[in-house]
Amino acid sequence: MGEWSSFTAVVRGLCLLYVTNKYLGTVAITYGPSMLPTLNVTGSILLVERISTRTGKLRPGDVVIFRSPETPRKIVCKRLIGLEGDQITNVVDPQSGDRCETIVLGS
């Protein structure tokens, strides 16, 4: 009887871990220069919550992680600059002039 109670405790723990990782949040390790100075080049440990994406409460400035469209095994970390329908203006080549380009983010 004691063996079964240990087994069910382990199964319950694994189920809780799965649900937490899938629906509430997880831990991610990031590295690379693209998020300087917010995140470290040599690696940062992030606590990632998954609730905002489900409730639609993302906003510009939020840091998001997602699977790379080119390499699905790779996880990418970026900062949102706008959402669908937002108009974004950026300087095309800051070194050679101040010509700007404006785009409207689509679906």
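The values are calculated or read from the model by the stated rules, or taken from the named source; none is laboratory data. Owing to the predicted nature of the structure, the values given are computational and were not obtained by experimental measurement. Here the Cβ positions follow ideal geometry from the backbone for every residue, glycine too, while neighbour counts run over all protein chains shown. Surface accessibility is based on the protein's heavy atoms, side chains included, excluding ligands, DNA and RNA. Shrake-Rupley method; radii C 1.70, N 1.55, O 1.52, S 1.80 Å.
Data overview
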{"quantity": "The range 1-44, residues that are hydrophobic (A, V, I, L, M, F, W, C) and open to solvent by 100 Å² or more (accessible area, probe 1.4 Å)", "calculated": "1, 4, 7, 14, 16, 17, 29"}
{"quantity": "Within the range 75-100, considering residues that are surrounded by 10 or more Cβ atoms within 10 Å (Cβ to Cβ) and not hydrophobic (A, V, I, L, M, F, W, C), the one farthest from residue 27 (Cα to Cα)", "calculated": "90"}
